[in-house]
1. Restricting attention to the range 50-73, which residues are more than 17 Å from residue 105 (Cβ to Cβ), buried (at least 17 other Cβ atoms within 10 Å of the Cβ) and within 13 Å of the chain's Cα centre (by Cα)?
2. Which of the numbered conditions does residue 70 fail, given that it passes all the others? Conditions: (1) farther than 30 Å from residue 180 by Cβ; (2) outside any strand (DSSP E or B); (3) touching a residue at least 24 places away in the same chain (Cβ under 8 Å).
3. Hey, does the range 77-91 have a residue that's buried (at least 16 other Cβ atoms within 10 Å of the Cβ) and touching a residue at least 60 places away in the same chain (Cβ under 8 Å)?
4. Taking the range 92-103 as the search range and keeping residues that are part of a loop (DSSP other than H, G, I, E, B) and out of contact with any helix residue (DSSP H, G or I) (no Cβ under 7 Å at 6 or more places or on another chain), which one is surrounded by the most Cβ atoms within 10 Å (Cβ to Cβ)?
5. Quick check on my filter: what residues within the range 117-139 are touching a helix residue (DSSP H, G or I) at 6+ places or on another chain (Cβ under 7 Å), farther than 28 Å from residue 150 by Cα and surrounded by 19 or more Cβ atoms within 10 Å (Cβ to Cβ)?
6. With respect to residue 143, determine if the residue is loosely packed, with under 15 Cβ neighbours inside 10 Å, at pLDDT below 95 and under 30 Å from residue 64 (Cα atoms).
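The values are calculated or read from the model by the stated rules, or taken from the named source; none is laboratory data. All figures in this text were calculated on a predicted structure; none of them were measured in a lab. FYI the Cβ positions are ideal-geometry reconstructions off the backbone, even for glycines, and counts take in every protein chain you see.
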């Protein structure tokens, strides 16, 4: 019985091995175009805003056709406080496809922030950043049929490490302190419990087609 199974699987291997080998060595066309780079490793750079970009900044991505890891550097605008992010993404389609759905996760030192500005000169009167994790569903959308430029669109949730209640408490304390010094400010809702959007644009030479 065992020898029959061995013979059966050997036959299958002999039948399909040439096909598998040929599929891995013949360039596949995407919308009539072939990849310029068929290597496994892909390196790309991106710029944008959101947790994966450490609020506002850039990042570098390294991975293969379906999985990437990334590291980003950014800052809290106006306060110009530096931040970083680290994370990765899993894609549901080949990197050469025009639209690639994905799920991603990023840890950032600027997952949430309190920034209170002077109403006259827009100078920061109080700023504080909070680390945390962002979990997103998104897409990479090629800007043209063969371009290495892609739009990075994501929507998801952010989970600050200190918790939303603690951030709201710190915000209220900052507001009370400023008002006690007769500094007038406009109250703005923090929107900590709402879905967050991440937007960027990436340049990935290995994704270009010809």
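1. Within the range 50-73, just 57 meets the criteria.
2. (2)
3. Within the range 77-91 (the criterion being buried (at least 16 other Cβ atoms within 10 Å of the Cβ) and touching a residue at least 60 places away in the same chain (Cβ under 8 Å)), the answer is no, since none of the residues qualifies.
4. Only one residue fits best here, namely 98.
5. 130
6. Judged against the criteria, residue 143 is a match.
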